[in-house]
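**Q** Please find one structure pasted underneath; my questions will follow.
The values are calculated or read from the model by the stated rules, or taken from the named source; none is laboratory data. Predicted model, so just to flag it, every value in this text is computed and none were measured. Here the Cβ is made from the backbone with ideal geometry for all residues, glycine too, and neighbour counts use every protein chain on show. With ligands, DNA and RNA removed, areas are computed over all heavy atoms of the protein, side chains included. Shrake-Rupley method; radii C 1.70, N 1.55, O 1.52, S 1.80 Å.
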Amino acid sequence: MPEVKKWAMEVRMSFEKTGMAKFISHLDTVRCITRAMKRAGVPIWFTEGFNPHAFLTFAMPLSLGFESLCETVDFRLTEETDLEDLAKRINDALPADITVKEIYLPTSLPNDIRWAEYKIIFNNPDKILLDTAESILSSGEILAEKKVKQGRKKVTKEVNIKEHIKSFELNEENNKLILKTVLSSGPSMNINPMLLIGALVKDTETDSQDVDVIKIQSYTENMEIFK
Amino acid sequence: MVKKEVEKLLKKVQKPARYTGGELNSVVKDKNDVKLRYAFCFPDNYEIGMSHLGMKILYSLVNERPDAWCERTFAPWEDMEALMRENGVKLYALESGDALDEFDLIGFTLQYELSYTNVLNMLDLGGVPVLKKDRTSLTPMVIAGGPCVCNPEPMADFIDIFLPGEGEEVTNELIDLLIEHKEKGSTRLEFLREAAKIQGVYVPEFYNVDYNEDGTIKSVENLETAPEKVKKRIISDLDSAHYPKNFVVPFIDVVQDRTVGEVFRGCIRGCRFCQAGFIYRPIREKSPEKINEQCRSISDATGYDEISLCSLSTSDYTKIEKLIPMLFDWALKESINVSLPSLRVDNFSDELMEELKKVRRSGLTFAPEAGTQRLRDAINKNVTEEEVLRTALKAFDGGWTSVKLYFMMGLPTETLDDIKGIADLAQKVVDAFYNNPNREKGKGVQVSVSCASFVPKPFTPFQWEPQDTGDMLIEKQKHLLSSTKSRKISISYHQSDTSVLEGVLARGDRRLGDVIYKAWQKGCKFDSWDEFFDFSKWREAFDECGLTTEFYANRRREFDEILPWDHMDYGIRKEFLVEENKKAHRSETTPHCRIKCSACGANKLNGGKCDAGSKKMGNGSQNVL
C-alpha cells in the first residue's frame with residue numbers, strides 16, 4: 001500500500017538571528033520559534049507519537065554567542081498555504097532580533113551542507129595578532145585545540161584544521177581585524193569558528209571572547225548557496 | 001536595551017539570556033514619555049522571578065498607564081555579579097538597560113525570608129544606598145510587598161514603604177502620589193507623610209519600637225500621620241481586577257513557563273501551620289467565564305502549550321466542574337495541555353476523570369502533612385488516612401503509578417510516634433497499589449515522601465510556638481529513615497539550618513536589620529540556594545550583634561506578648577488565633593469555612609463579604625483531602 005502523506009507542503013524557512021538573539025541557545029531558539037508558529041496560527045504538522053509535538057528540523061545548530069544571517073528550519077504544513085503571507089505572520093510573532101527572510105520549497109537537503117562562510121571580528125586585536133594572522137592562515141598547518149572524547153574522558157587534542165579552511169580574507173577596519181572565511185560545515189565535518197579563533201590568538205594577548213562571529217551563508221559541496 | 005559594555009560581559013557568563021531582555025511581550029517605552037519609572041525587582045534569579053504571577057500582574061498593571069513604565073530586574077547569578085562589580089557595571093533593568101539608581105520607584109516582592117540578603121545586594125549593585133537612612137532624596141523610593149510583609153520588621157532598615165496585602169490598587173495610588181510629589185518637588189518626608197495616609201501603606205520609620213530588658217517588645221508607638229494599625233489591602237472583586245492579557249515569554253527555560261489562570265484568592269481550609277491560608281483571606285473566587293477568557297488571551301499571546309490553574313487548594317474552587325470543560329473545549333484542539341495542581345481526585349465525577357485522562361497527566365500529589373490522625377487533627381489538616389488511601393486507589397485505577405506525599409516535621413505537639421506514622425502511611429499507599437487488582441500491570445509503584453521542616457509563621461495559630469532546634473529535627477529525620485522499610489518509598493527532607501534562619505527572619509523584630517546587614521557584608525546572598533547558604537556567616541553576624549537565633553526561633557511566646565507584627569492588621573482576629581492554638585493542643589479540629597464560619601474576622605476587610613459563606617459544597621462536605 002502506498003504511504004499516505006499527511007501533510008500538504010514541506011517548506012523551509014530562512015531567518016536571521018542577530019543582536020541580542022545571539023545569546024539565545026539553540027534549544028531555546030527551537031522553543032521560541034515553535035511558540036511563534038503557534039501564535040501565528042501556522043497549520044504546522046505535528047508528530048503522531050505518544051507525545052505529539054510540532055515537527056521542526058533545523059539544518060545546523062548555531063553556537064551560543066554567534067549571530068547568523070542564514071539559519072534555516074524545515075517544517076510541514078497540513079494545508080496549502082500562501083508562503084509569503086505565512087512568512088509575514090511568523091515574523092510578526094517573533095521577538096525583534098529573530099527575523100524571517102523567506103519561506104520556500106527547498107531544493108536541497110540539510111545533509112547537503114558542506115561549507116559555511118563566517119565573518120569574524122576581533123574587536124581589540126593586539127599587535128601580535130595583526131602581525132601573525134595572515135601568515136598563520138597561509139601556512140601549511142593550522143593547529144587548533146579541540147576537545148574530544150576519549151572513552152568517557154574529555155581531553156584536548158591538537159588537530160590540523162588547514163584542509164577545513166576553504167578560503168579566507170583579512171581586513172583591518174577602525175582598529176578591528178576582520179576575517180571572512182569559509183570553513184567546513186555540515187553533519188559530517190563541522191569546524192566551529194572558535195577553533196580557528198583559538199588557533200589565531202593562542203600566542204597573543206588578544207581576548208578570544210572579545211570577538212564577534214556572524215555566520216553569513218551555508219553552501220553545498222560545489223559552493224552553491226544552500227537553498 | 002542592553003548597553004555595549006554589558007554585551008561584552010554576556011559572552012563570559014552562563015545563560016546570558018537572563019540578562020538581555022528583549023523577550024516577546026516585554027514592554028519598551030520611551031523614558032521621556034513617562035512621568036514615573038518603576039523597577040520591579042525579584043530578589044532571586046531570572047528563572048525563579050520570571051515564574052512569579054504577582055510580578056506579571058503588576059508589570060502589566062503599571063505598564064497599562066501611559067504615564068509610567070515598569071521594568072524587570074532580577075538578582076544576577078554570581079558569575080555575572082563578579083563581572084559587573086569588576087567592570088563597574090550597575091545592576092540594570094532589562095527593558096531599558098538603565099541602572100536602578102535612575103528609577104523613581106524600586107519595588108521588591110518578598111516571597112520568602114531567605115531572599116532578604118538579595119534585596120540588599122541588588123540595591124547595592126544598582127547604585128542605591130542599602131540603608132534607608134542613607135537615602136535622603138525623594139527618589140528612588142524603595143517599596144516592598146508580598147507575603148513576608150505581614151512581618152516586615154526585619155527589613156525595616158532597608159525599605160521605605162511596605163505594602164501589606166494585594167498590590168493592584170495600592171500600587172496605582174502610590175504611583176499617582178509619587179508623580180504628584182515629584183512635580184511639586186516635595187521632600188522624601190513630605191511624600192511619606194501623605195503616603196502613610198493611604199490604607200495598606202506601612203512607613204516603618206513612623207513607628208517607634210521599645211524593647212523590654214529580656215528582648216521582647218515593650219511598646220510600638222505610631223508617629224506623624226501613621227495609623228496605629230496598618231490594614232492590608234485586598235481586591236474586592238477578582239472578576240473586575242486587573243489581569244494581564246499576555247505574559248513576557250522568556251527565552252530560557254524558567255521554572256513556571258506556561259499560562260497561569262488564577263482561580264481564587266484565600267483559602268477555606270484553616271490548616272494551622274499554613275501562613276498563606278490565613279494572610280490571603282477572605283476567600284474570593286473568579287468566575288469560570290473570566291478565568292477561561294484570561295487563559296485564552298494569554299495562550300494566544302504567548303504560544304504556550306500548557307495552562308495551569310493557580311490558587312491555594314485549587315480543588316476547593318466551587319465551579320471547577322464548569323471550568324475544566326470550558327478550557328478543554330479549545331485547549332485540546334490547539335494541543336494545549338491543562339495541568340491541575342493539588343487536586344482532590346475523589347471529588348471528581350467519573351466524567352471529569354475521563355476528561356482528565358485526555359491530557360498528559362502529571363504526578364499525583366497528596367499533602368497529609370502529618371503521619372498520625374492525632375497530629376493531623378492538631379494542625380487541622382482535615383484528611384483521614386482512609387481518604388488518602390481511597391483517593392490513591394482511585395488514582396491507581398486510573399493508571400497512575402507514582403504518588404508524592406508531602407509531610408512536615410517539627411510540628412507543635414509532635415512525637416517520634418508521629419514521625420513513624422509518616423513511614424507507616426507511605427507503606428499503606430504502597431500496599432494499596434499491590435492489593436489493587438485493577439492496577440496497571442507490569443509496573444511498580446513509586447511513593448516519594450518529601451518532608452519539610454515546620455517553621456512557625458506570623459498570623460497563624462502557631463505564631464507563639466517554639467520551633468524545633470536543628471538537633472531535634474536531625475533526630476526526627478533519622479527516626480523516619482529507620483522506620484521506612486520499603487524500597488518503593490523514597491524519602492527526602494530539607495536542610496535544617498535554612499529552616500532555623502527562615503524561622504528567625506519570619507518572626508523577627510527590627511533589631512535583625514543589623515544582623516541581615518552584617519550577614520550581607522560577609523557575603524551572604526541567595527540564602528535559599530544550598531550552594532550559597534553559609535550558616536556560619538549568619539552565626540557570626542548574630543554574635544556580633546549580641547542576638548541569638550534561639551530567642552527568635554525556639555522560644556515559646558506568651559499570648560500576651562507584644563509581637564513584632566501586632567501593628568499589622570490582616571483582618572484575622574488575634575483571639576481567633578489564640579483559640580485555634582488552644583484547640584491544636586487539645587487535638588481538636590475546626591471545620592473549614594464552607595461547613596461553618598469560624599469568625600476569623602477577615603471578611604471585615606471586604607465589607608463583611610466572604611465567598612465561603614454563600615456557596616454550597618459541590619459534593620458533600622466529607623471529601624476534604
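**Q** Within the range B:293-312, how many residues are open to solvent by 10 Å² or more (accessible area, probe 1.4 Å), within 14 Å of another protein chain (Cβ to nearest Cβ) and either within 10 Å of B:V260 (Cα to Cα) or not hydrophobic (A, V, I, L, M, F, W, C) (or both)? Show your work before the answer.
**A** We begin by selecting, within the range B:293-312, every residue open to solvent by 10 Å² or more (accessible area, probe 1.4 Å); these are B:293-294, B:296-297, B:300-301, B:305-306, B:308, B:310-312.
In the following step, the residues that additionally are within 14 Å of another protein chain (Cβ to nearest Cβ) were identified as B:296-297, B:300-301, B:305-306.
Okay, now just the ones that are also either within 10 Å of B:V260 (Cα to Cα) or not hydrophobic (A, V, I, L, M, F, W, C) (or both), so B:296-297, B:300, B:305-306.
The total comes to 5.
**Q** Quick one: in the range B:226-256, which of the residues that are touching a strand residue (DSSP E or B) at 6+ places or on another chain (Cβ under 8 Å) and within 14 Å of another protein chain (Cβ to nearest Cβ) is surrounded by the fewest Cβ atoms within 10 Å (Cβ to Cβ)? Steps first, please.
**A** First pass over the range B:226-256, keeping only residues touching a strand residue (DSSP E or B) at 6+ places or on another chain (Cβ under 8 Å): B:226, B:228-238, B:243, B:247-249, B:256.
Pick out the ones that are also within 14 Å of another protein chain (Cβ to nearest Cβ) and you get B:247-249.
Working: B:F247: 25, B:V248: 20, B:V249: 22.
Per the stated criteria, the residue is B:V248.
**Q** Do we have B:P43 as out of contact with any His (no Cβ under 8 Å at 6 or more places or on another chain), more than 12 Å from every other protein chain (Cβ to nearest Cβ) and open to solvent by 10 Å² or more (accessible area, probe 1.4 Å) here? Walk me through how you get there before you give the answer.
**A** Values: out of contact with any His (no Cβ under 8 Å at 6 or more places or on another chain): yes; more than 12 Å from every other protein chain (Cβ to nearest Cβ): yes; open to solvent by 10 Å² or more (accessible area, probe 1.4 Å): no.
So B:P43 fails the test.
**Q** Could you tell me whether the range A:125-134 includes any residue that is touching an Asp or Glu at 6+ places or on another chain (Cβ under 9 Å), in a strand (DSSP E or B) and among the acidic types (D, E)? Show your work before the answer.
**A** Kept after step one, since they are touching an Asp or Glu at 6+ places or on another chain (Cβ under 9 Å), are these residues of the range A:125-134: A:125-130, A:132.
Right, trim to in a strand (DSSP E or B) and you get none.
No.
**Q** Need pairs with beta-carbon distance below 7 Å; first residue without any contact (Cβ under 8 Å) to a residue 40 or more places away in the chain and within the range B:519-536, second surrounded by fewer than 18 Cβ atoms within 10 Å (Cβ to Cβ) and part of a loop (DSSP other than H, G, I, E, B); sequence gap 6+ or separate chains.
**A** B:D530/B:Q495
**Q** Still on this model: Look through B:D79, B:D98 and report the one residue that is charged (D, E, K, R) and within 26 Å of B:Q495 (Cα to Cα). If you could, list the steps in order and put the result at the bottom.
**A** Details: B:D98 fails: within 26 Å of B:Q495 (Cα to Cα).
Unique residue meeting the criteria: B:D79.
Let's see how each residue does on (1) touching a residue at least 24 places away in the same chain (Cβ under 8 Å); (2) in contact with a helix residue (DSSP H, G or I) (Cβ under 8 Å, 6 or more places away or on another chain):
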{"residue": "B:P154", "(1), (2)": "yes, yes"}
{"residue": "B:I161", "(1), (2)": "yes, yes"}
{"residue": "B:V170", "(1), (2)": "yes, no"}
{"residue": "B:E173", "(1), (2)": "yes, no"}
{"residue": "B:D176", "(1), (2)": "no, no"}
{"residue": "B:I179", "(1), (2)": "yes, no"}
{"residue": "B:F191", "(1), (2)": "yes, yes"}
{"residue": "B:K197", "(1), (2)": "yes, no"}
{"residue": "B:Y202", "(1), (2)": "yes, yes"}
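**Q** Among the residues of the range B:90-109, how many are closer than 17 Å to B:R18 by Cβ, buried (at least 20 other Cβ atoms within 10 Å of the Cβ) and not acidic (D, E)?
**A** Matching residues across the range B:90-109 total 6.
**Q** Listed residues B:K441, B:K381; which is in contact (Cβ under 8 Å) with a residue 12 or more places away in the chain, basic (K, R) and open to solvent by 30 Å² or more (accessible area, probe 1.4 Å)? Step through it out loud before you land on a result.
**A** Details: B:K441 fails: in contact (Cβ under 8 Å) with a residue 12 or more places away in the chain.
Within the list B:K441, B:K381, the selection yields B:K381.
Let's see how each residue does on (1) among the small types (G, A, S); (2) buried (at least 17 other Cβ atoms within 10 Å of the Cβ):
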{"site": "A:K5", "(1), (2)": "no, no"}
{"site": "A:M9", "(1), (2)": "no, yes"}
{"site": "A:R12", "(1), (2)": "no, yes"}
{"site": "A:T18", "(1), (2)": "no, no"}
{"site": "A:C32", "(1), (2)": "no, yes"}
{"site": "A:P43", "(1), (2)": "no, no"}
{"site": "A:L62", "(1), (2)": "no, yes"}
{"site": "A:S68", "(1), (2)": "yes, yes"}
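**Q** For the structure I just gave you, tell me whether B:P458 is of a type outside the set (S, T, Y) and open to solvent by less than 30 Å² (accessible area, probe 1.4 Å).
**A** Working: of a type outside the set (S, T, Y): yes; open to solvent by less than 30 Å² (accessible area, probe 1.4 Å): yes.
Yes, satisfied.
**Q** If we only count helices (runs of 4 or more DSSP H) wholly inside the range B:39-123, which ones have 2 or more residues that are touching an Asp or Glu at 6+ places or on another chain (Cβ under 7 Å)? Lay out the reasoning, then the answer.
**A** Values: elements: B:46-49, B:53-63, B:78-86.
The qualifying helices (runs of 4 or more DSSP H) are B:53-63.
**Q** Answer with yes or no whether B:S490 is within 27 Å of B:L405 (Cα to Cα), open to solvent by 10 Å² or more (accessible area, probe 1.4 Å) and free of Cβ contacts under 8 Å to residues at least 12 places away in the same chain. Let's see the steps before the verdict.
**A** Numbers: within 27 Å of B:L405 (Cα to Cα): yes; open to solvent by 10 Å² or more (accessible area, probe 1.4 Å): yes; free of Cβ contacts under 8 Å to residues at least 12 places away in the same chain: no.
The answer is no for B:S490.
**Q** Which residue pairs have Cβ atoms closer than 6 Å, lie 6 or more positions apart in sequence or on different chains, and pair a first residue in the range A:173-200 that is in the same structural domain as A:I214 (by TED's automatic domain parsing) with a second residue that is open to solvent by less than 10 Å² (accessible area, probe 1.4 Å) and in a helix (DSSP H, G or I)?
**A** The qualifying pairs are A:L200/A:A133.
**Q** To continue, here is another question. For B:K286, only one of the following conditions fails: (1) out of contact with any Phe, Trp or Tyr (no Cβ under 8 Å at 6 or more places or on another chain); (2) of a type in the set (D, E, K, R); (3) buried (at least 22 other Cβ atoms within 10 Å of the Cβ). What is its number?
**A** Here B:K286 meets the rest and fails (1).
**Q** Condition first: outside the structural domain of A:I161 (by TED's automatic domain parsing), open to solvent by less than 30 Å² (accessible area, probe 1.4 Å) and free of Cβ contacts under 8 Å to residues at least 24 places away in the same chain. Can you find one or more residues in the range A:78-90 that meet it?
**A** No.
**Q** What's the total number of residues in the range A:182-200 that are more than 14 Å from chain B (Cβ to nearest Cβ) and either open to solvent by 10 Å² or more (accessible area, probe 1.4 Å) or outside any loop (DSSP other than H, G, I, E, B) (or both)?
**A** Start the filter on the range A:182-200 by keeping residues that are more than 14 Å from chain B (Cβ to nearest Cβ), which leaves A:182-192, A:195-196, A:198-200.
Next, only the ones that are either open to solvent by 10 Å² or more (accessible area, probe 1.4 Å) or outside any loop (DSSP other than H, G, I, E, B) (or both) stay: A:182-184, A:187-190, A:192, A:195-196, A:198-200.
So the count comes out to 13.
**Q** Please pick out the residue among A:P52, A:P106, A:P110, A:P43 that is more than 10 Å from chain B (Cβ to nearest Cβ) and free of Cβ contacts under 8 Å to residues at least 60 places away in the same chain. So that I can check it myself, show each step before the final result.
**A** Details: A:P52 fails: more than 10 Å from chain B (Cβ to nearest Cβ); A:P106 fails: free of Cβ contacts under 8 Å to residues at least 60 places away in the same chain; A:P110 fails: free of Cβ contacts under 8 Å to residues at least 60 places away in the same chain.
Only one candidate passes the filter, namely A:P43.
**Q** Return a yes/no flag: does the range B:151-166 have any residue that is surrounded by fewer than 24 Cβ atoms within 10 Å (Cβ to Cβ) and assigned to a helix (DSSP H, G or I).
**A** no
**Q** Hey, B:E180 hits all of (1) more than 23 Å from B:Y46 (Cα to Cα); (2) open to solvent by less than 20 Å² (accessible area, probe 1.4 Å) but one; which does it fall short on?
**A** Checking B:E180 against (1) more than 23 Å from B:Y46 (Cα to Cα); (2) open to solvent by less than 20 Å² (accessible area, probe 1.4 Å), the one that fails is (2).
**Q** Considering only the range B:435-538, give the helices (runs of 4 or more DSSP H) lying wholly within it that have at least 3 residues that are in contact with a strand residue (DSSP E or B) (Cβ under 8 Å, 6 or more places away or on another chain).
**A** On the way: elements: B:470-483, B:496-506, B:512-521.
Fully inside the range B:435-538 and qualifying: B:470-483.
**Q** Could you list, in sequence order, all residues of the range B:313-354 that are open to solvent by less than 50 Å² (accessible area, probe 1.4 Å) and modelled with pLDDT under 65?
**A** Correct list: B:L343, B:R344, B:V345, B:D346, B:N347, B:F348, B:S349, B:L352, B:M353.
**Q** Right, here's the next one. For the range B:3-38, name all the residues that are in a helix (DSSP H, G or I), open to solvent by 80 Å² or more (accessible area, probe 1.4 Å) and within 7 Å of another protein chain (Cβ to nearest Cβ).
**A** Narrowing the range B:3-38 to residues in a helix (DSSP H, G or I): B:4-10, B:16-18, B:31-33.
Okay, now just the ones that are also open to solvent by 80 Å² or more (accessible area, probe 1.4 Å), so B:4-5, B:8, B:31-33.
Passing the criteria: only B:K8.
**Q** If you go through the range B:46-56, how many residues are open to solvent by 30 Å² or more (accessible area, probe 1.4 Å) and within 14 Å of chain A (Cβ to nearest Cβ)?
**A** Residues of the range B:46-56 that are open to solvent by 30 Å² or more (accessible area, probe 1.4 Å), as a first pass: B:48, B:52.
Then keep just the ones that are within 14 Å of chain A (Cβ to nearest Cβ); that gives none.
Total satisfying the criteria: 0.
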